[in-house]
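This report refers to the structure that appears directly beneath it.
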Amino acid sequence: MGIALDGVPACAETGRDTTAVRPPRRTDRNAIEYVLALPSIALKIPVRVTATLVSAPIIIVERNTLLPTLERWFSFVDFGGLQPIAGYGSTPGLEGGLSYHHRHVFGRGIGLGVQGSYSTNLYRQGSVRFGGKQWLDSRYGFMAEFGWQGATRERFYGIGASSSIDNESNYGFEGRFGSATGFWHVRPGLEATVKAGLRRIDPEDGRLRRIEYQLDSISLLYPDDDLFGLFETVDLYEFGFEVRHDWRDRPGSPLRGGTELIAVSYVTGSSQDDTDIGYWRAKADLSHYLNLYRGRAIGVRTLAEVTEPDDGTRVPFYELSRLGGGSRLRGYRSDRFTDRDLALFTIEYRWPLWQRMDAFLFTDQGRVFANLEKDFEFSNFRSSYGGGLRVWNTSGGTVEFSIAQGAETTRFYFDFGAAF
Amino acid sequence: MKRSLLSAILLTALAAVVGCGGPRPWNLNEPDVHPTDQDTLEKAPKERDPSLYWDAVNQSSFYLVERSLDLPRQYRKLTGQLKEAYNADCFGEIPDCSWFTNRHGRSRLTAAELTRGPRTIGGPDTSETWTITRAKTEGVTPGFFVKDARGETFVLKFDPIAHPELATGAEMVSTSIFHAIGYNVPENYLVIFDPSILTIKDGLQFKTRRGEQEPFTPEVLARVLGKVARRPDGRIRAIASRLLPGKPLGPFSYHGLRKDDPNDLIPHQHRRELRGLKIFAEFTNHFDTKDHNSLDILVDDSTGRYVRHYLIDFGSTLGSDGDEPKAVYKGYAYVFDLEQALVSLGTLGLRQWSWEGAKPDGIPASVGYFESDIFDPPGWKPLQANQAFDDMTHNDAFWAARILAQFSEDDIRACVAAGEYSDPAASEYLVRTLRERQQKILGYYYSKVNPLDDFRLSRTGENLTLTFADRWVDDGVGPADRVTHRARIGQGKGSWTEWRDLGRERKITIDSEVLSQISDAIKSARSDYDQVFNIQIESHRDGAPPRWVRVYFYLDDALESPRIVGIERET
């Protein structure tokens, strides 16, 4: 290989570098090239600046072992730990708080959790949770929870499928709740839950709050008859049963399988003016995934919810079924539609962009009904469509960004947890 | 009109500067065999400690954006005129230096030498105890620094518990291959030892994942060894990597210069051995070619005081990913491949990548995932973008491919033997797969230049005769009956003769008539430069566009001592 010349000196025989006199240090460009590269250099300045800004925290974290230190301060890996709560939403505003969770208080799987948070729009909540979904690694679990919640600017657009976005109003409430839930892990993927709980809800007209509202108060726009439960404290007692079957092949980004959730509950109670409350609610939420090829999959979802009041009783307006938002009819504002029943259909096409990063396109079709059984028809369904990106892990954790277009608005979502 | 004129002027200037011209493809100077980058340093360079995470983020995102905004480079790339390596000589070769030593590519190593690789001392002494002097915290697999009874220090690296022989086999095989090619690599030894010979240095501490110092106790040792693969007899197979002689200075970068090293004269992305490393990385699927898998060592011995540049950590080569078999996409896409992600996004997933759906069926477990069916040399990608690889030209690739071609099947088998796989099928699979990948690499990169080689120019009676080899045929890429050559003689870019068909013959004779023309030219020559002539050979290969190679030669006044002074290839 190389060069070998007959009767020629060592130079060619060795194939040595004939220019290997120590050269001056070379640079990537000569002077003229630098001049010609000036536009590129100018274009690259913002990239370099951004890179510098990004590099600094990365290097600081890596060099100063900041993350392990934070982990050491805030987390006790063996038994849970103290975690910050932080977030932002257009309704609650900027939210901050703390949660403490101890995984094994009285034995393996029996935990204790305490959390509280407060937001700039005066949304606040606190709760204590005790128990575990699987006590002592058995198939059974128990969880008790008590808490308090305050909300100041819940949206309401009226009841019925023909409600208008122009009639947006708001209300607030304070609630206290307690519940006990029993879990039965029948077999992997199949779980049954029974729940008994009580709630005391103390609603308030939106204008009564001391934050500055941009929305009209609910009582200015709607007749009192539509707003049963707004002007009095309501006590609710709930008993429910739920079965969930999850047979997705990989929860973070399923290609095959699905989930079926069937829930039935009965709620009884009364308002301060002694009006009886009593209704049944049934919910079916079915999802199925079909792998087209190599990670490209179709997901379909059907959600139906039916509320059936007992004779002579009423349902507080905030207990009715609601449609709109990130997991129920994307492209519409949260709780945009309210009525006794609802139906939602979703079809989504997903395809992989990279390892554990998917893109998706979807369309949602949904509608609320006064009576799903009698009134159901495919007309007047509200549609939305959109797409997004999803980063996932195999245990089911997801971070999702999506954009959805409905007939009324364009909505952006950034969620931990997939829509379905 | 004015704007058009200005644009035309600018484009012309751009073309003149970045696209054309360049140094003469030949040189008349006498050789200097002394490496030019090993002058003794008065001041030791400082240790580099670049951020691993920032490097990954930068190379996977910001660098790619910056590269796309580099207009002169984009112009060169579009016109197929990327800068040639700065350290290649006029024959396309590179001299031995602190980065690279020409070995198998220049004079073939024996099978024993190939298997032995860089190893010189026979490994750690297993007849006595080993003292653990430091716990290795870097890397994805656990490891220790141990000192044997002779006082030699080694880094021990293990196989993951579920994948015996996976990482150690890959490390050994690739160490032999990269050493034979010419790179500086550590002395890696395969050892099988009883863990009872391990003792712990008094007071030894180790750094936990949280950065805390804790005592390295026998319990910690047992816990660590509980995560590594063991043989049925309880002994452990491991890599013992001998500490490199000298002072570690941190990794080198595949871009730019080490500014505090006066010997570092050539931007690294313009070094042929670093650009050509891509070919060898393709061959071995050495996808983890980030900066941190390299190491600069300050050598201070009888040869002088200078920086020597090493490739280290081959545990993620072949089918191994260090702690598990390689994921199917590794080697076919970056660890985060923005380009593939954007194409997938834009095509709604209709674009299908070659690696999608690949399965490691039929591959011996100790090999991991290593294949040659969907392997596509130009489509191969490392862990993250690499400036030197991006700047690789067809001449760089040809340089590397010629070296790779020197590995016969027996040579590859000798290198694989270093892995000491207990399953003969694993060794055979590796030999076959490496051989198939080699053939694909040669087939692709030989098609990008005219791969004529081994030129010999001699005076035969009244004539001059040039003979040559054809790598495409000789290395088994294509059949001899599908190639024809033609040649012409000239000076500079001009030609003195018409094309002369050579058919399949690899010889061209310059007869007395042309020699007479040459003689006339020499008589009127004003300097030696006017006594350089060339033979341009164009080869037509089955189905491929014809490409030429020019062989420049110097003739003295008596026409007696023909000397080849340069080779230029059409790319």
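The values are calculated or read from the model by the stated rules, or taken from the named source; none is laboratory data. Everything numeric here is computed off the predicted structure, so don't read it as measured data. Neighbour counts run over all protein chains shown; Cβ positions are idealised from the backbone, glycine included.
No other residue among B:LEU190, B:LEU225, B:LEU221, B:LEU166 is farther than 18 Å from B:PHE280 by Cα and either within 14 Å of chain A (Cβ to nearest Cβ) or in contact with a strand residue (DSSP E or B) (Cβ under 6 Å, 6 or more places away or on another chain) (or both) apart from B:LEU166. Within region B:277-291, none of the residues are out of contact with any Lys or Arg (no Cβ under 9 Å at 6 or more places or on another chain), among the hydroxyl-bearing types (Ser, Thr, Tyr) and part of a loop (DSSP other than H, G, I, E, B).
The residues of region A:390-405 that are part of a strand (DSSP E or B), at pLDDT below 95 and surrounded by 15 or more Cβ atoms within 10 Å (Cβ to Cβ), listed by number, are A:ARG390, A:VAL391, A:TRP392, A:THR398, A:VAL399, A:GLU400, A:SER402. Tallying residues that are within 13 Å of another protein chain (Cβ to nearest Cβ) and surrounded by 16 or more Cβ atoms within 10 Å (Cβ to Cβ) within region B:430-469 yields 13.
Determine whether region B:303-322 contains at least one residue that is part of a loop (DSSP other than H, G, I, E, B), within 14 Å of another protein chain (Cβ to nearest Cβ), surrounded by 20 or more Cβ atoms within 10 Å (Cβ to Cβ) and modelled with pLDDT under 95. Show your work before the answer.
Filtering region B:303-322 down to residues part of a loop (DSSP other than H, G, I, E, B) leaves B:303, B:312-319, B:321-322.
Adding the requirement that they be within 14 Å of another protein chain (Cβ to nearest Cβ) leaves B:321.
Restricting the remaining residues to those that are surrounded by 20 or more Cβ atoms within 10 Å (Cβ to Cβ) gives B:321.
Pick out the ones that are also modelled with pLDDT under 95 and you get B:321.
Yes.
For region B:519-526, the condition holds for no residue, the condition being that it is basic (Lys, Arg) and surrounded by 13 or more Cβ atoms within 10 Å (Cβ to Cβ). B:PRO245 meets the conditions (1) of a type outside the set (A, V, I, L, M, F, W, C); (2) within 14 Å of chain A (Cβ to nearest Cβ); (3) under 30 Å from the mean Cα position of the chain (by Cα); (4) surrounded by fewer than 16 Cβ atoms within 10 Å (Cβ to Cβ) in every case but one. The failed one is (2).
Region B:161-217 holds strands (runs of 3 or more DSSP E) entirely within its bounds, and those carrying 3 or more residues that are touching a Lys or Arg at 6+ places or on another chain (Cβ under 8 Å) and surrounded by fewer than 21 Cβ atoms within 10 Å (Cβ to Cβ) map to B:188-193.
Would you please name the residue that is nearest to the chain's Cα centre (by Cα), looking only at residues in region A:289-323 that are assigned to a loop (DSSP other than H, G, I, E, B) and under 30 Å from A:ASP273 (Cβ atoms)? It comes out as A:LEU320. Scanning region B:165-187 for residues that are of a type in the set (Ser, Thr, Tyr) and either under 20 Å from B:GLY143 (Cα atoms) or in contact with an Asp or Glu (Cβ under 9 Å, 6 or more places away or on another chain) (or both) yields B:THR168, B:SER174, B:THR175, B:TYR183.
Residue check: is B:SER539 under 15 Å from B:ILE564 (Cβ atoms), surrounded by 14 or more Cβ atoms within 10 Å (Cβ to Cβ) and either within 14 Å of another protein chain (Cβ to nearest Cβ) or at pLDDT 85 or above (or both)?
Working: under 15 Å from B:ILE564 (Cβ atoms): no; surrounded by 14 or more Cβ atoms within 10 Å (Cβ to Cβ): yes; either within 14 Å of another protein chain (Cβ to nearest Cβ) or at pLDDT 85 or above (or both): yes.
For B:SER539, the condition - under 15 Å from B:ILE564 (Cβ atoms), surrounded by 14 or more Cβ atoms within 10 Å (Cβ to Cβ) and either within 14 Å of another protein chain (Cβ to nearest Cβ) or at pLDDT 85 or above (or both) - is not met.
A:LEU342 meets the conditions (1) within 18 Å of the chain's Cα centre (by Cα); (2) surrounded by 15 or more Cβ atoms within 10 Å (Cβ to Cβ) in every case but one. The failed one is (1).
Could you tell me which of the residues B:ALA281, B:ALA358, B:ALA365, B:ALA327 is in contact (Cβ under 8 Å) with a residue 12 or more places away in the chain, surrounded by fewer than 20 Cβ atoms within 10 Å (Cβ to Cβ) and under 21 Å from B:ILE441 (Cα atoms)? Walk me through it before giving the result.
Details: B:ALA281 fails: surrounded by fewer than 20 Cβ atoms within 10 Å (Cβ to Cβ); B:ALA365 fails: under 21 Å from B:ILE441 (Cα atoms); B:ALA327 fails: under 21 Å from B:ILE441 (Cα atoms).
Exactly one of B:ALA281, B:ALA358, B:ALA365, B:ALA327 is in contact (Cβ under 8 Å) with a residue 12 or more places away in the chain, surrounded by fewer than 20 Cβ atoms within 10 Å (Cβ to Cβ) and under 21 Å from B:ILE441 (Cα atoms), namely B:ALA358.
Residue by residue through region B:33-64, note down the ones that are more than 19 Å from A:GLU62 (Cβ to Cβ), more than 9 Å from chain A (Cβ to nearest Cβ), out of contact with any strand residue (DSSP E or B) (no Cβ under 9 Å at 6 or more places or on another chain) and not charged (D, E, K, R). Matches in region B:33-64: B:LEU64 only. Across region B:93-102, a minimum of one residue is classified as assigned to a loop (DSSP other than H, G, I, E, B) and small (Gly, Ala, Ser).
Considering each of A:GLY312, A:GLY295, A:GLY331, A:GLY324 in turn, give the residue that is within 14 Å of chain B (Cβ to nearest Cβ) and not polar (S, T, N, Q). Even if it seems obvious, please write down each step before you answer.
Values: A:GLY312 fails: within 14 Å of chain B (Cβ to nearest Cβ); A:GLY331 fails: within 14 Å of chain B (Cβ to nearest Cβ); A:GLY324 fails: within 14 Å of chain B (Cβ to nearest Cβ).
Just one listed residue meets the conditions, A:GLY295.
Evaluate the following for B:GLY492: is it more than 11 Å from chain A (Cβ to nearest Cβ) and surrounded by fewer than 13 Cβ atoms within 10 Å (Cβ to Cβ)? Judged against the criteria, B:GLY492 is a match. Restricting region B:65-91 to residues that are more than 9 Å from every other protein chain (Cβ to nearest Cβ) and in a loop (DSSP other than H, G, I, E, B), the residue that is farthest from the chain's Cα centre (by Cα) is B:THR79.
Looking across region B:344-354 at every residue that is at the interface with another protein chain (Cβ under 10 Å from one of its Cβ atoms) and assigned to a loop (DSSP other than H, G, I, E, B), the one that is farthest from the chain's Cα centre (by Cα) is identified as B:LEU348. Among the residues of region A:328-378, those identified as assigned to a strand (DSSP E or B) and within 23 Å of A:PHE228 (Cα to Cα) are A:PHE337, A:THR338, A:ASP339, A:ASP341, A:LEU342, A:ARG367, A:VAL368, A:PHE369. Screening A:GLY81, A:GLY182 for residues that are in contact with a Ser or Thr (Cβ under 9 Å, 6 or more places away or on another chain), assigned to a strand (DSSP E or B) and on the phi > 0 side of the Ramachandran plot leaves exactly one candidate, A:GLY81.
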